[in-house]
Amino acid sequence: MRGFALAIGIGLLLTAGAGDAALRHTAGPARSPASTALARAITPGHLRAHLEALEAVAERNDETRAAGTPGYSESVAYVVRQLRAAGLRPRQKTFSFPYFRETKPTVFQRVSPGLVRYARNRDFLTMRYSGGGTVTASVVPVGGSSGCAGSDFSGFPHGAIALMRRGGCPFSQKAGLAQSSGASAALIANDGLPGRTAPLSATIFGTGVRIPVLVISSNVGSQLTRLAQAGTVRVHLDLSVATTQARGADVIADLPGRTSDVILLGAHLDSVANGPGINDNGSGTAAVLEIARQARRLHVRPKHGLRFAFWGAEELGLIGSRSYVQSLSPRARKRILGVINLDMVGSPNYSRIVYDGDDRPSGSRRIENAFRAYFAARRLPVEQESLGGASDHASFADVGIPVGGLFTGADDLKSATSARRIGGSANLPFDACYHKVCDTPANVDFRMLAQMADAAAVVAVRLAN
């Protein structure tokens, strides 16, 4: 899942039979034999097997499954094999995208006072689509530390390296403002909140940033800030980077219904560059894949078809899903009655979050209400969230297709209210391994993942009927 600012509102539980007339009319009976059997067939063991297979893919490929890497190609091959073995006919939809890579190891070190060599992953990561070059200059903390407004750079010395802290606005905005203010490079430190000290993988969206940009740990950021406040601190950066056009692929498979319309269940298949991406988003991939396998095995055949989609290059800006939507004719778009997006659905300090349908295209509220009714019938509290453009549902929402989905949280801190209602630990991240190398199967709550997969399966079949 792309980085975003989380906005969660407490969702009220719906009483039995709640929901608007459209939901009662289209979502089918409260308990259909097909949806109940499908949910029962989806087990934590099956989901774990998929995630362990994706982890093994990453282990064979420099601990990543990022778009443009052999690890992503192997991930595509795994999903295709599983779908074919289940009797489905997957197809690959290719797309082109700008592939960013570091052509040699990046050097980041403090040269005065004292020589300190910083380590990749522990101390820093290069932002995807960062500019390259060699810079040795003084580090200057940006006023207010956020770097989200031009006024933060008032009096910033030309050619210095801007030091900012995560928060307040997107990383891309900070980098762009630093460059336009005359910075020779930018360092963006994690904010140091619980579970948010290490550098995390991040992407510069849009074009125009040409200076080197690193994400650094909160510890390194604090050290540089103290030294800069006490006098002068200089660092040396050497980045050699390249961006070339590459090809990627989405995987699509259909389970036909009695009409040509479909409900689409989707999840992005790629990871970030510096980790295996097992919760983000092997969890969503495993859920959609297992729903597809079991629906085919059980000969589920609702009124409308079910379409299963695995998107590429989500972490680079929803590239795969946007390419797919753009390839559809107006008629084909109208046949997609709704989209259910599953992105990060096994967070260890989870919440149970339903996408807010109020600010989405017409029909999205029906999907939200269907999920609320599902959880209410099981006396499971939920929260709601407006995700904006942070995941692949946005590609469909932008062209007016109804969207919904489930989420268990990224690295935002769980509130005390959420901990009381849902469980877990307050003031700690939902997922402390978000966009990090530790996002492995050990980072997944399999009970919650199975619960979310069950909900998605049941709601998808109800909506398809």
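The set of residues in region 93-108 being in contact with an Asp or Glu (Cβ under 9 Å, 6 or more places away or on another chain) and surrounded by 14 or more Cβ atoms within 10 Å (Cβ to Cβ) consists of K93, F95, T106, V107, F108.
Each residue in region 178-219 was checked for being without any contact (Cβ under 8 Å) to a residue 60 or more places away in the chain and part of a loop (DSSP other than H, G, I, E, B), and 11 pass. Name every residue in region 371-400 that is in contact with a strand residue (DSSP E or B) (Cβ under 9 Å, 6 or more places away or on another chain) and open to solvent by less than 10 Å² (accessible area, probe 1.4 Å), in order of residue number. The answer is F371, F375, V382, E383, E385, S391, D392, H393, A394, S395, F396.
Of everything in region 242-297 that's of a type in the set (D, E, K, R) and in a strand (DSSP E or B), which residue is surrounded by the fewest Cβ atoms within 10 Å (Cβ to Cβ)? In this case the residue turns out to be R247.
Could you tell me whether region 302-317 includes any residue that is open to solvent by 10 Å² or more (accessible area, probe 1.4 Å), closer than 30 Å to L413 by Cα and under 14 Å from the mean Cα position of the chain (by Cα)? Yes: region 302-317 contains one or more residues that are open to solvent by 10 Å² or more (accessible area, probe 1.4 Å), closer than 30 Å to L413 by Cα and under 14 Å from the mean Cα position of the chain (by Cα).
When A460, A464, A390, A370 are screened for being within 30 Å of P330 (Cβ to Cβ), of a type in the set (G, A, S) and modelled with pLDDT under 95, only A390 passes. Could you please find all residues in region 192-208 being closer than 16 Å to S172 by Cα and within 20 Å of the chain's Cα centre (by Cα)? P199, L200, S201, A202, T203, I204, F205, G206, listed by residue number.
Of all residues in region 62-92, those satisfying the criterion of being in contact with a strand residue (DSSP E or B) (Cβ under 8 Å, 6 or more places away or on another chain) and open to solvent by 80 Å² or more (accessible area, probe 1.4 Å) are R89, R91, Q92.
Selection of region 404-451 for residues being farther than 29 Å from P361 by Cα, part of a helix (DSSP H, G or I) and among the hydroxyl-bearing types (S, T, Y) yields only T417.
The values are calculated or read from the model by the stated rules, or taken from the named source; none is laboratory data. Everything numeric in this text was worked out from a predicted model, so none of it was measured. Virtual Cβ from ideal backbone geometry, glycine too; neighbours counted across all protein chains shown. Surface areas here come from the heavy atoms of the whole protein model, side chains and all, with no ligands, DNA or RNA. Shrake-Rupley method; radii C 1.70, N 1.55, O 1.52, S 1.80 Å.
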